[in-house]
4 protein chains.
Amino acid sequence: MEKPQDKNWRSKLHEIIYEADTPAGKMFDVVLLIVILASIVLVMLESIKSFDEKYHNILNISEWIITIMFSIEYIARIVTVKKPFKYIFSFYGIIDFLSTIPKYISLIVGGVHALAALRALRLLRMFRILKLARYLGASNNLVNALKASKAKISVFLFAVLIVAIILGTIMYLVEGEENGFTNIPKSVYWCIVTLTTVGFGDIAPQTPLGQFIASLVMVLGYGIIAVPTGIVSAEYTNQNKKDKKEGETIKPSVHLNTQVCVNCSTEKHRDDADFCYHCGHKLNNE
Amino acid sequence: MEKPQDKNWRSKLHEIIYEADTPAGKMFDVVLLIVILASIVLVMLESIKSFDEKYHNILNISEWIITIMFSIEYIARIVTVKKPFKYIFSFYGIIDFLSTIPKYISLIVGGVHALAALRALRLLRMFRILKLARYLGASNNLVNALKASKAKISVFLFAVLIVAIILGTIMYLVEGEENGFTNIPKSVYWCIVTLTTVGFGDIAPQTPLGQFIASLVMVLGYGIIAVPTGIVSAEYTNQNKKDKKEGETIKPSVHLNTQVCVNCSTEKHRDDADFCYHCGHKLNNE
Amino acid sequence: MEKPQDKNWRSKLHEIIYEADTPAGKMFDVVLLIVILASIVLVMLESIKSFDEKYHNILNISEWIITIMFSIEYIARIVTVKKPFKYIFSFYGIIDFLSTIPKYISLIVGGVHALAALRALRLLRMFRILKLARYLGASNNLVNALKASKAKISVFLFAVLIVAIILGTIMYLVEGEENGFTNIPKSVYWCIVTLTTVGFGDIAPQTPLGQFIASLVMVLGYGIIAVPTGIVSAEYTNQNKKDKKEGETIKPSVHLNTQVCVNCSTEKHRDDADFCYHCGHKLNNE
Amino acid sequence: MEKPQDKNWRSKLHEIIYEADTPAGKMFDVVLLIVILASIVLVMLESIKSFDEKYHNILNISEWIITIMFSIEYIARIVTVKKPFKYIFSFYGIIDFLSTIPKYISLIVGGVHALAALRALRLLRMFRILKLARYLGASNNLVNALKASKAKISVFLFAVLIVAIILGTIMYLVEGEENGFTNIPKSVYWCIVTLTTVGFGDIAPQTPLGQFIASLVMVLGYGIIAVPTGIVSAEYTNQNKKDKKEGETIKPSVHLNTQVCVNCSTEKHRDDADFCYHCGHKLNNE
């Protein structure tokens, strides 16, 4: 049933870059992971003044090396896909682009500070590499549970915000400017700090009445932390039950791998699949 | 079966103000939401000294515009309901009144500080607008779970309070005034700050014995946070199960909309309802 | 079947003091609750220096009044029970005694500071009054869940302690005395403060390595908070299930009241009980 | 069926040291527990400067006594096992060795500071003593639940780390060096402090925008604490269910004791076992 395959360099490169089933593909993923981590460490080290002054040249050169590596990878990704625009405007396509350009921009504009944030986006790339079935399976249930409880958590967060604004306004009136509650936004900020049980202590109530209200806020915050936990917990148990039922009938018979269709970039094909289940294109099976 | 309808301006206005099923009704809700949010932002900006000094006139005029809009809305609500007193003394009626008057009072009394809190109440109005069936459905279960665990949570909070008072008194004796534990109420306040894991750090034990007791308080607080979470989690799972059972028999066949009876202000009628299920008054169906 | 009853003043007083089924019994409980709360407020006010200086006499007199009221109550309780020693050495008997004596001791020894803690014990008395069936029913499940998870929580707390000691020692070595980690016990204290997510901030790591380890401690603490919550949550769900099963067969047919046997002080007899289920003594039914 | 037994001193000593079923074995465990606790207290006291100066000699002598006791125990353990290398390179073998040597090293190198951490490892020894079936049974389920949720918790922690790095970078750009966010690693540290709701307050945002972002971080941290709790809670309930099913069929008929095979150090044999279930060696039954 095997048709003669067009095994040119493009489809081979596609297999290496987008999949993790072959030794070369795994190697590529590991190298990419290391480069991404190195680039994040570089951004961090650069921000430490004393370090940057000493090793400025080394940091600069390393950053250029990494930028060039990312550029090559980005171009390779575009070249090997059949529908490059689909990749360019996909989530990872944009992330890849944004994490490559900062150094080029700095050439034109000079060392702009704000580019550091852009470079931090590189971390998001790592999620692509961790596309191992086991981890995805693990987080899928979690993602489903979070999706199912989205509406409830929104209502909850909205209620928390209203409580914070009302109590913040009251604290502003009770404590006043002399105790650090300079204005209502700052009071609301303090209220969120307290409700979430973070408690920085840079602003703290000084009057007895203020401390009494603060106690109420804290106990309230301590109590309502139970609400999102209860929601997620219940939904997650639900998802697990569903999963179990489905698992009994369907799951045992299928195994999905990390192959990606050259044509439409769909992932997770069956091990015995010859054609993409989404667009019908021939898959790279040897 | 359709009786001739009294479709005068009052019933039309009622439909716009109280319901969200027609385009005009939705528009009204969105505009109201924006005005409420704007009024909250205004109160906040006014409390920032430097901002208030610069733009005092603009803030004052904006506040008057919003107050007048709220006044018109309040009067419109009274006029369009058949039983105005029922609305006036309802929860939202009082909220609407209290969030409208502060500016009028400031005319007589002068810029009283405490009115800011009153204006913060405007946020509560937003809940009326978010009366979408989906959100209500989502939070209903939560509200039921919280109601069912009310007695248990009361016992729990009471126990926490007693622990806080006893441990607070002990800390007052151990640490004494020289380390910030000036009196028992302040010690109890510190104890609540610690039990709830907020930990401002404005007061912190300095003696070894005090730090040892503080460690016990923290571990205790860390442990008992499990109690309300466990309660809410269990009750919420219960509510979901009940919901599922009921859902299987009743829910699928009914769909409730946001219509409100002109006569008795009852909400959530069935889509195919012609008369109010509560008072039997004709509903505004076209 | 009714035998002639010995309805003298002692059994009548017993009914008032120990039970909450008659109007007089309820009145007594409410008055006692108020006196206890007042006595706690007094202890607190006394600890506030500025307040004590102004109103020393009033506080002193009020404290004497409350002490005398507690003394009368204590004697009445002893007199009306048939087995006074059983009451005296019961949990509440000791609490009642300890919360009555501090003022008498202060006559002999002078205003000793440490008596304040003794007086704070008075709050424990309130639990007796809240012996309403509803609350007991509510907290019983909770108490059972906590009992069932006692062994697990002990292991958990022991593990937390070991982690705190090891990480505390490491932090002492990394940060050293110059950054506030003066000795190992203080480091362990800091570690508990951080693990429980309290975070006072009176001691905080200053070196990069210390901050890195601190991050690990925090994430660890953030993660392990899930453990006791999960335990209590699961046990509580278990208890509820058991309760439901038992409830279906036994509960609906019995109603327990707050009556207390004059002879053996056993509580919670059935509404239709004529004799104590524990010692067989005649109950005070009219 | 009883074969003549080689009941020499070695096998007797083995029973005392490794098992807790005989009175002598229990005694040994209790003494060891006390010595370990004493050694930990010693390390702590030594680190308190003022205490060490006063009682240096006493501390030094006590430390030597404990070290010698540990040495004897370590040698006895090696001598009584048939395969000493298996013990030496086992988890507890290494712990025993590391917790014995620090004092000997200090003889050669002088009072090196870092040895304190090594001595803190002694606490890990205690776990061996607490090998009572009840506790192991209790924590086994917990350990299983944690194992089952390992992959999910890894994904969760990884996501938290990425969020911390990205938000930390943003905070570094927003707040800058003048407000304590000196470099990105420090900002990330602050972000972890805030996300985990610890909130030391040594670094706190000062600009309105920074406080706004901080509020988002806190609410996020407050929300995501629900995730690990939900996971552990659900898995733990699962483990309990499994346990119940197994318990119904297998458990009631078996009782495991703390006996340890002299040959292969396997633990938890059945009460009626005559031979090791792992290597078939004769067990020490009298």
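By how many nm would the segment from A:Y92 to A:N57 lengthen if fully extended, with 0.36 nm per residue of separation less the alpha-carbon distance? All intermediate terms of the calculation are to be shown ahead of the outcome.
Details: separation 35, 0.36 × 35 = 12.60 nm, distance 3.08 nm.
That pair, A:Y92 and A:N57, stretches by 9.5 nm at full extension.
Counting other Cβ atoms within 10 Å of each Cβ, which GluC sites (Glu not before Pro) in the stretch D:1-85 have at most 14 and sit in a DSSP loop?
Taking the stretch D:1-85 and a limit of 14 other Cβ atoms within 10 Å, the loop GluC sites (Glu not before Pro) found are D:E2.
How far is A:K26 from the same spot in each other copy, in nm, shortest first, if each label point sits 7 Å from Cα toward Cβ?
Label point to label point, same position, other copies: 5.4, 5.4, 7.6 nm.
Please list 3J(HN,Hα) in residue order for the stretch A:172-182, calculated via the Karplus relation 6.51 cos²θ - 1.76 cosθ + 1.60 where θ = phi - 60°; whole Hz, with x for glycine and proline.
Result, rounded to whole Hz: 4, 6, 6, 7, x, 5, 5, 10, x, 8, 4.
How much net charge surrounds C:G176 when only other residues with a Cβ under 14 Å from its Cβ are counted (Lys, Arg +1; Asp, Glu -1)?
Working: positive: C:K186, D:K49; negative: C:E175, C:E177, C:E178.
Here the charged neighbours net out to -1.
Using each residue's phi in the stretch B:218-234, evaluate 6.51 cos²θ - 1.76 cosθ + 1.60 at θ = phi - 60° and report the 3J(HN,Hα) Karplus result to the nearest Hz, with x for Gly and Pro.
5, 4, 4, x, 5, x, 6, 4, 5, 5, x, 4, x, 4, 4, 4, 5
In chain A, what residue has the beta-carbon at the shortest distance from the axis of the rotation relating A to D, and what is that distance in angstrom, rounded to the whole number?
A:G201, 3
Excluding B:T229 itself, what net charge comes from residues whose Cβ is under 14 Å from its Cβ, given Lys and Arg +1 and Asp and Glu -1?
On the way: positive: B:K152; negative: B:E235, C:E235.
So the environment of B:T229 carries a net charge of -1.
Since every read-out is calculated from the coordinates, none of them should be taken as a lab result. Computed from a predicted structure; not experimentally measured. All Cβ positions, glycine included, derive from the backbone under ideal geometry; neighbour counts span all protein chains shown.
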